[in-house]
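Notes to accompany the following structure.
The values are calculated or read from the model by the stated rules, or taken from the named source; none is laboratory data. As the structure is a computational prediction, the values presented were derived from the model and not from experiment. Please note: Cβ atoms are built from the backbone with ideal geometry, for glycine as well, and neighbour counts cover all protein chains shown. Note: accessible area is taken over every heavy atom of the protein model, side chains too, but ligands, DNA and RNA are not part of it. Shrake-Rupley method; radii C 1.70, N 1.55, O 1.52, S 1.80 Å.
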Amino acid sequence: HPAALAALGRLHARAGNWEGVLETFLAEVAAATDNREKAQKSFKAASLLEERLGRLPEAIDRYLDALQLHPGFLPAQKALERIYEKAGRWADLVKLLERELEDTREADQRIALLWRVARIEEERLSGLDRAADAYQRILELAPEHLSAIRSLGSIYERSGKWRELVAL
């Protein structure tokens, strides 16, 4: 019956019946046995909710479902990053990036993610201690990372943490 669901979805799409397409995607999620396939269908449902139906809170839930079913599923990750950034949901974006960090092993990718976390914490959330922590984590991976050293030094100076500044 997956072929029948796909055909039904195409019929709904041709007719511009986006609610029908959504129902079909959700039925495909329920019918799928593989988590990757469920994640893919959840992503499609989320995209439809976001782009055609304008139901952003439901779209976010579906994108999160896709990531839970298939951690590291890049299309869902990027969609959520875009939505959170556009909406100014900085704390949610930091949580999402931290979750991505848990699944990332390559040092350069970890540094890039930590840099984003640090900048968001420092510039958008005024979380200087959390930003300093992210910069420290960068320096553990790349002790000569000049931008992290400068940014961390600036935080220490603004915070009056003179011992830490001198030790840096």
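When you scan the stretch 119-130, do you find a residue that is touching a residue at least 24 places away in the same chain (Cβ under 8 Å), small (G, A, S) and over 25 Å from D65 (Cβ atoms), even just one?
No, the stretch 119-130 has no match at all.
Residues checked against (1) aromatic (F, W, Y); (2) exposed (fewer than 15 other Cβ atoms within 10 Å of the Cβ); (3) outside any helix (DSSP H, G or I):
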position: V21; (1), (2), (3): no, no, no
position: T24; (1), (2), (3): no, no, no
position: V29; (1), (2), (3): no, no, no
position: S42; (1), (2), (3): no, no, no
position: G54; (1), (2), (3): no, yes, yes
position: R82; (1), (2), (3): no, yes, no
position: L114; (1), (2), (3): no, no, no
position: A118; (1), (2), (3): no, no, no
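Out of the stretch 147-160, which residues are crowded, with 18+ Cβ neighbours inside 10 Å and either within 14 Å of R137 (Cα to Cα) or among the basic types (K, R) (or both)? Before you say what the answer is, go through the steps one by one.
The first filter runs over the stretch 147-160 and keeps only residues crowded, with 18+ Cβ neighbours inside 10 Å, leaving 148, 151-152, 155-156.
Selection gives A148, S151, L152.
If I filter the stretch 120-146 down to residues being among the small types (G, A, S) and within 22 Å of G88 (Cα to Cα), which single residue comes out as most open to solvent (accessible area, probe 1.4 Å)?
The initial filter retains those residues of the stretch 120-146 that are among the small types (G, A, S), namely 126-127, 131-132, 134, 142.
After this cut, where a residue has to be within 22 Å of G88 (Cα to Cα) as well, the list is 126-127, 131-132, 134.
Details: S126: 94, G127: 5, A131: 0, A132: 11, A134: 1 Å².
Checking each candidate, the answer is S126.
Does the stretch 91-99 contain any residue that is within 30 Å of I138 (Cα to Cα) and not in a helix (DSSP H, G or I)? Before you say what the answer is, go through the steps one by one.
Filtering the stretch 91-99 down to residues within 30 Å of I138 (Cα to Cα) leaves 91-99.
Now drop any that are not not in a helix (DSSP H, G or I), which leaves none.
Within the stretch 91-99, not a single residue is within 30 Å of I138 (Cα to Cα) and not in a helix (DSSP H, G or I).
Could we say that L5 is touching a residue at least 24 places away in the same chain (Cβ under 8 Å), part of a helix (DSSP H, G or I) and in contact with a Ser or Thr (Cβ under 8 Å, 6 or more places away or on another chain) here?
Details: touching a residue at least 24 places away in the same chain (Cβ under 8 Å): yes; part of a helix (DSSP H, G or I): yes; in contact with a Ser or Thr (Cβ under 8 Å, 6 or more places away or on another chain): yes.
Yes.
Go through the stretch 102-112 and count every residue that is open to solvent by less than 70 Å² (accessible area, probe 1.4 Å) and modelled with pLDDT under 95.
Filtering the stretch 102-112 for residues open to solvent by less than 70 Å² (accessible area, probe 1.4 Å) gives 104, 107, 110-112.
Remaining after also requiring modelled with pLDDT under 95: 104.
Residues in the stretch 102-112 being open to solvent by less than 70 Å² (accessible area, probe 1.4 Å) and modelled with pLDDT under 95: 1 in total.
Go through the stretch 56-79 and count every residue that is open to solvent by 60 Å² or more (accessible area, probe 1.4 Å), within 18 Å of E98 (Cβ to Cβ) and assigned to a helix (DSSP H, G or I).
3
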